[in-house]
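Chemist: Sharing a structure with you now.
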Amino acid sequence: MASDNVRVTGVQFRLDGIALGVQDTTSPYSLSWNTRNMTNGAHTLDAIALDAAQNLGEHSINITVSNVSSTPTTTA
């Protein structure tokens, strides 16, 4: 949850330094993300909050993507 004494105006989510969509300007700030488009392995997810006074706050977490094929295979 992003909060501030001035007022949070939006949160930008980034994966490995690249923006994931546009800045979310509606509280509660959230992200829906499909990992199937990502490579398996370690990644960094950032949330950058901007307040009405143009101050930035950032929080980062390390995540591991592990996609498993959902297409059944048959061996004859």
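The values are calculated or read from the model by the stated rules, or taken from the named source; none is laboratory data. Remember, it's a predicted structure, so these values are computed and weren't measured experimentally. Neighbour counts run over all protein chains shown; Cβ positions are idealised from the backbone, glycine included.
Table: residues versus (1) modelled with pLDDT under 95; (2) assigned to a loop (DSSP other than H, G, I, E, B).
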| residue | (1), (2) |
| --- | --- |
| Trp33 | yes, yes |
| Arg36 | yes, no |
| Thr39 | yes, yes |
| Ala47 | no, no |
| Leu50 | yes, no |
| Thr64 | yes, no |
| Ser70 | yes, yes |
| Ala76 | yes, yes |
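Chemist: Still on this structure, please answer the following. Looking only at the stretch 52-62, count how many residues are surrounded by 10 or more Cβ atoms within 10 Å (Cβ to Cβ) and part of a loop (DSSP other than H, G, I, E, B). First the steps, then the outcome.
Modeler: Initially, the stretch 52-62 is screened for residues surrounded by 10 or more Cβ atoms within 10 Å (Cβ to Cβ), giving 52-53, 55, 57-60.
Cutting the leftovers down to part of a loop (DSSP other than H, G, I, E, B) gives us 52-53, 55.
Qualifying residue count for the region: 3.
Chemist: Looking at the stretch 10-25, is at least one residue in contact with a Ser or Thr (Cβ under 8 Å, 6 or more places away or on another chain), exposed (fewer than 14 other Cβ atoms within 10 Å of the Cβ), modelled with pLDDT of 90 or more and part of a strand (DSSP E or B)?
Modeler: No, because not a single residue in the stretch 10-25 is in contact with a Ser or Thr (Cβ under 8 Å, 6 or more places away or on another chain), exposed (fewer than 14 other Cβ atoms within 10 Å of the Cβ), modelled with pLDDT of 90 or more and part of a strand (DSSP E or B).
Chemist: To continue, here is another question. Taking only the stretch 26-51 into account, find how many residues are exposed (fewer than 11 other Cβ atoms within 10 Å of the Cβ) and among the aliphatic types (A, V, I, L, M).
Modeler: Within the stretch 26-51, the subset exposed (fewer than 11 other Cβ atoms within 10 Å of the Cβ) is 26, 28, 32, 34, 36-37, 39, 41-42.
In the following step, the residues that additionally are among the aliphatic types (A, V, I, L, M) were identified as 42.
Count: 1.
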